[in-house]
Every structure is written in C-alpha cells, then in structure tokens.
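A.B. asks: Take a look at the following structure, please.
We did not get these values from a lab; they are worked out from the coordinates using the rules stated. Treat the numbers as computed from the prediction; the structure is a model and nothing was measured. Quick reminder, even Gly has a Cβ in these numbers, built from the backbone with ideal geometry, and neighbours come from all protein chains shown.
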Amino acid sequence: METKEFKKSKLDIFISKFNLAKIKEKYIKAYRKININRLDSVLRLKEITKYPTYIKRIKHPTDAEIVSVFNYHNYYLPYIKEIPKNLQISFVKKDALNIRYINSPCREAIEIAVRKNPDTIKDIKNPSSDIAILATTAHMNPYLYAIHYVKDPTIELQKIAVQEDGYAIRYIKHPSLEIQKMAIENDPKSICHIDHPTAEIQKMAVMKDIKSIEFIEYPTREVQLLELQKNICSIDILLRRNPIPEVQLAAVQRYGSAIRVITKPTDEIIHAALYTAIEEKEEDTIEYIFKRKLLKYKDLDDATKLLIEMM
C-alpha cells in the first residue's frame, strides 16, 4: 500500500514538473488553428466562439462566424479581410465607431457612420470630398475640419468648409482668391492661415475686424493707417516688421517705452518718446534714451531739463 502511494506521488511530481496538461492543451490549440478550415460549420463556429482569433485563419468565414466574432469584441473585425456589405451596415448602425475596425468599408457603411458621428471621417482611409461634405454639414455635431482628411478637396468642399469655419482654410493648399474672401467673410482672423495675403485681403479683414491686423505679418501702409484711424495703436504694432512712421509716432505718443522696439528711430520719434516718458513719469524710458545715446542731455532745451529734474 505504501509502495502504490509512493508511485502515485512520483507520477504527480513528474506531471507537475513537465506541466504535461498545459503542453497537451497547447498542442490541441495548435492543431485546431491549423485544421480550423477542415472542421464542419457547426464545430468551426463553436471553436471561433471560444477562440475568436481563429477567424483570421478562415479563408471564407460565414456570416454567423463573423457575427460571433463581432459579438465577442469588435477588436477582432480587422482579422477579417472581407465583411459582407449587409454586416458592415449592421455593425455601423449599432455604433458608428465600428467603421474603424472594418477593412475596406463599403460606401453605404461609410455614409451611415459619418451621418451618425461626423468624427468617424478620421477613421476612413482617403475619404472623398462628398463624404467630407456630409461630415461638415451634419445636423448634429458637425466636424468642421473634415476637409483635413481629404487629399484633393473639390472646390465645392472648399467653399462649404470655409463658410462653416473660416479657419478651415488652413487645410487648403493654395486657396483661390474667392476661397480666401469667403474665409475672411466668415472669420477675419483666419487671415493668419493665408500665406502672403494681398492688400485686398488684408483690407477686407481689418475692415471686418480691426484686431485681425495682429495676425498679418507684413501689413500694408493702408492697413496700418486704418488701424490708426480706429485708435487701437499699441506697442504690439511695433513688434511687426517695418511699421510706417505714422504708426511709430502714434505708438511712442501713447507709450514712451515703445521706443525700445523701434529700430533707427527718427529725431521726431525720439523726442516724442521722451516727452511721453516725462509726462507719464517713465524714468526707465528716459534712462534708456540717454543710455543708448539717442539724445544727449546737454542738447535739451532748458524747459525740458527742468521737467526731467522735477520728476
């Protein structure tokens, strides 16, 4: 009796040591994977229900097998090369986001997905312009930048995109003058996404919103004068390149410290900055003017010297 118990114990140790049960299960799984196509439809469906990854080994899965995999998790749909149109439509009707798991989705499935959730255009490879129009003009939560995912947007899509949101012009390469005008009409600040805007486009933008000048790198003389007329001149204007003299003068008359950002200021600009600094008690600006030798104290008239000494 003791001998039998000893032998049984030895066998258990042997099985435990080599893990024969797991090895057997591993080889059974491997056999199933290799021979999944040889099984009849009932057994194959049973195996796929238990092991969804087997679907990628089936050359022509049935609708039932595809649905079984989908019900397990939509994550396994990419394993299937071709999903019948009726199933694609069924899957995206349940959830528009399922479109991202379908290889080569059909036109009908794409339209349903985009109508349900315009954001799904991001998951569609090379969407057409008309699909992007669907996303842009959707009644619920439209995706205004759908044009970004279209390689060569049509003129119709370009027009719709900038009419819905002027900033969509950033996704249009070399937009025509007509498209630029439509974008500005929608949002003047979208001029920041127009390379080298013409004088006409600049004027149109600032006439609609004077603050849009902040987004123009090289404003024309006419545009800068328009800004002065609107009386919103500030130091920020001087941070742009080559501001016209009228703008420089207006800036230092408002803020003496603006002299710091003007390259090669004229005598008129320097004196205007000094008088503003004296009036506003900007001691740092006065010190800057003399330190940079823009003016010499000895060259000032007595009245100006007295004003400085009285500060």
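A.B. asks: Of 171, 64, 274, which is farthest along the charge dipole of the chain in the positive direction, counting Lys and Arg as +1 and Asp and Glu as -1 at C-beta?
C.D. replies: Sorting the options by dipole projection puts first 64.
A.B. asks: Under 17 Å between alpha carbons: how many lysine pairs meet that in region 140-214, if sequence neighbours fewer than 8 apart on the same chain are excluded?
C.D. replies: So the count of such lysine pairs works out to 12.
A.B. asks: Provide the descending list of Cα extents for the chain along its principal axes, expressed in whole angstroms.
C.D. replies: For the chain, the Cα spread along each principal axis is 125, 63, 26 Å.
A.B. asks: Kindly give the semi-axes, whole Å and largest first, of the ellipsoid equivalent to region 227-311, taking each as the square root of 5 times a Cα gyration tensor eigenvalue.
C.D. replies: Details: eigenvalues 105, 35, 22 Å².
Equivalent ellipsoid of region 227-311: 23, 13, 10 Å, largest first.
A.B. asks: Still on this structure: Indicate the helices, whole DSSP H runs only, in the chain that combine a mean Kyte-Doolittle hydropathy of -1.0 or more with a Cα extent along their long axis of 15 angstrom or more.
C.D. replies: Values: long enough: 2-18 (24 Å, -0.65); 20-35 (22 Å, -0.79); 267-279 (18 Å, 0.54).
Both cut-offs are met by 2-18, 20-35, 267-279.
A.B. asks: Would you list which aspartates and glutamates come within 18 Å of residue 50, measuring only between C-alpha atoms, while excluding same-chain residues fewer than 8 positions from it?
C.D. replies: Straight-distance partners of residue 50: 25, 40, 63, 65.
A.B. asks: Which is the longest run of the chain containing none of the GluC sites (Glu not before Pro) found in DSSP loop states (not H, G, I, E, B) with at most 15 other C-beta atoms within 10 Å? Mind dumping the intermediate values first?
C.D. replies: Numbers: sites that count: 82, 217, 280.
The longest such stretch corresponds to 83-216.
A.B. asks: Counting Lys and Arg as +1 and Asp and Glu as -1, each charge on the Cβ, what is the dipole of region 140-214 about the Cα centre in debye, to the nearest 20?
C.D. replies: Working: 9 positive and 11 negative charges, 21 e Å.
In debye, rounded to 20, region 140-214 gives about 100.
A.B. asks: Distance between Cα centroids, region 118-155 to region 156-202: provide it in whole Å.
C.D. replies: Value for the Cα centre distance between the two parts: 18 Å.
A.B. asks: So, in Å, what gap is there between the alpha-carbon centers of region 209-227 and region 61-84?
C.D. replies: Going from one Cα centre to the other spans 58 Å.
A.B. asks: For 45, 177, what ranking results if the residue with the fewest other Cβ atoms within 10 Å of its Cβ goes first?
C.D. replies: Values: 45 17, 177 10.
Result, fewest neighbours first: 177, 45.
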